[in-house]
Amino acid sequence: VLGELADPMGHEPVDPATDSVARVITLSPTVGQFVHSDADVVMVYSARGEGKTVGAIARLLRIAHDNPDARPVKVAVVRDTWINIKRTVFETLVQGTRLGWWDVEFTAGDTEAVLDGVAHLYFFGMDRPADANKFQSFEAGVLWLSEPAPAADLSSGIPAEVFAMGVSSLRQPGVRRPSVQIDMNPPDRSHWTLELNEMLQEAGHPEMRCEVFRIPTGENPHLPPGYRERMRLGLEAAQRPDLIRRLCEGQIGTVIVG
């Protein structure tokens with residue numbers, strides 16, 4: 001049962017097709033809306049630790065479930081560097097397997113992965129406009145951009161050219177509604193993701209609909225006790241009010257470098 005909130009009474013749902021207990025991925029309300037969105041460009045942003053990456057993976061499984069003739073759905077997973085993908089997306093994939101949410105098998109020297117046998121993930125590190133050339137001759141059903149907005153000196157972000165070239169690769173046969181999904185910490189006010197959303201909203205084109213979801217800080221109840229407080233205190237000690245606003249409070253802000 002994907003993209004649904006777990007039964008608050010603790011009952012495990014039964015899959016009517018197999019009469020067996022189905023696996024449940026517990027999602028917060030906002031993440032659940034993101035998972036079920038059928039917009040052509042779907043963005044979700046929040047403070048750190050609010051379940052964005054789990055939601056992004058759950059959305060891939062939901063799309064694969066809705067497009068059985070296209071399985072395995074091909075997914076381009078992009079972050080600024082392959083090392084950062086391994087430190088974040090990989091960790092969530094492995095953790096979810098441990099918890100029984102899904103199964104993952106890494107292949108091709110960890111540059112690809114098969115998720116539950118229904119989605120084939122291809123990992124790309126792209127932090128320069130020229131890296132968009134990696135999409136040449138590649139076709140996919142979903143483009144997943146993870147953390148495209150730079151967090152000052154924490155990451156370099158993903159250029160807008162990667163989004164543009166990635167959209168040109170969304171042509172996998174059998175996927176009824178190819179889409180771009182973006183999960184990120186709140187961007188800088190001038191970041192291209194916000195400009196993209198404004199442009200698409202103004203255009204109002206039915207083939208390029210955009211939806212943006214902001215997860216309220218504190219919606220994820222599963223973080224370790226004191227996590228948010230320690231993060232805030234650490235950033236206060238580093239004198240980074242910009243990162244407190246973005247990473248702790250989940251608010252769009254202004255990057256301060258140096």
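Note on the range 167-243 and the range 58-86: Cα centroid distance 17 Å, given to the nearest whole angstrom. Between the amide H of Asp103 and those of Asp116, distances stay under 5 Å, these residues lying 5 or more places away or on another chain, with hydrogens modeled in the peptide plane.
Every read-out reported here was derived from the displayed coordinates using simple, explicitly stated rules and does not represent laboratory data. Not measured: the values here are computed from a predicted model.
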